[in-house]
Amino acid sequence: MAAKEKGRIAVVGCGGWTQGWHLPNLSNRTDAEIVALVDRSDNPGVGGCVPSLCKPMDELCEKYGAKRYTSIEDVLADDEELKIDGVLVAVPHAHHSSVGGAVLKAGKHLLMEKPMTADVDDA
């Protein structure tokens, strides 16, 4: 039997929860590969609940062997190179709908932290 390919994952939003939970757990999986990290900030999570645990984006990208992006649009535009299978979205709630919508429109698998949106009309 042939070895199963790894799912190629982009992670959008690299604050404390992502750095403390999502990235370590994804990197330990044998069936997933983190290929892109996306955050507008060079130092994500600084204003969050665990700023002392948060690393700058350049350190995260080096640690996880991922390419750095500042928007989901740039990641999706670069998909011919990245060949993304799925996107984990961990951005502030107000951006869930726009980021998640872009991922789904691109035909990618989506894992989004709750809630789906912060606006009833977006739901």
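For the stretch 1-43, give me each residue that is of a type in the set (Asp, Glu) and within 14 Å of Met57 (Cα to Cα). Let's see the steps before the verdict.
Within the stretch 1-43, the first condition is being of a type in the set (Asp, Glu), and the residues that meet it are 5, 31, 33, 39, 42.
The answer is Asp39, Asp42.
Please go through the stretch 97-110 and give me each residue that is in contact (Cβ under 8 Å) with a residue 24 or more places away in the chain and more than 20 Å from Ala66 (Cβ to Cβ), ordered by number. Outline the logic, then answer.
Of the stretch 97-110, the ones in contact (Cβ under 8 Å) with a residue 24 or more places away in the chain are 97, 99, 102-103, 106, 108-110.
Correct list: Ser97 only.
Regarding Thr117, is this residue assigned to a loop (DSSP other than H, G, I, E, B) and modelled with pLDDT under 95?
On the way: assigned to a loop (DSSP other than H, G, I, E, B): yes; modelled with pLDDT under 95: yes.
It is true that Thr117 is assigned to a loop (DSSP other than H, G, I, E, B) and modelled with pLDDT under 95.
Each row is one residue, and each column tells you yes or no for (1) under 12 Å from the mean Cα position of the chain (by Cα); (2) closer than 17 Å to Leu111 by Cα.
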| residue | (1), (2) |
| --- | --- |
| Val46 | no, no |
| Tyr69 | yes, no |
| Ala94 | no, yes |
| Gly100 | yes, yes |
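Here is a check on your reading of the model: is Thr30 under 28 Å from Lys105 (Cβ atoms), hydroxyl-bearing (Ser, Thr, Tyr) and out of contact with any helix residue (DSSP H, G or I) (no Cβ under 6 Å at 6 or more places or on another chain)?
Values: under 28 Å from Lys105 (Cβ atoms): no; hydroxyl-bearing (Ser, Thr, Tyr): yes; out of contact with any helix residue (DSSP H, G or I) (no Cβ under 6 Å at 6 or more places or on another chain): yes.
Taking the combined requirement at face value, the residue does not satisfy it.
Can you tell me which residues in the stretch 13-34 are free of Cβ contacts under 8 Å to residues at least 40 places away in the same chain and under 11 Å from the mean Cα position of the chain (by Cα)? Working first, answer last.
Taking the stretch 13-34 and keeping what is free of Cβ contacts under 8 Å to residues at least 40 places away in the same chain, we get 16, 20-21, 24-25, 27-34.
The answer is Ile34, and nothing else.
The values are calculated or read from the model by the stated rules, or taken from the named source; none is laboratory data. These numbers come from a predicted model, not from an experiment. Don't worry about glycine lacking a Cβ; one is built from the backbone with ideal geometry, like all the others, and counts go over all protein chains shown.
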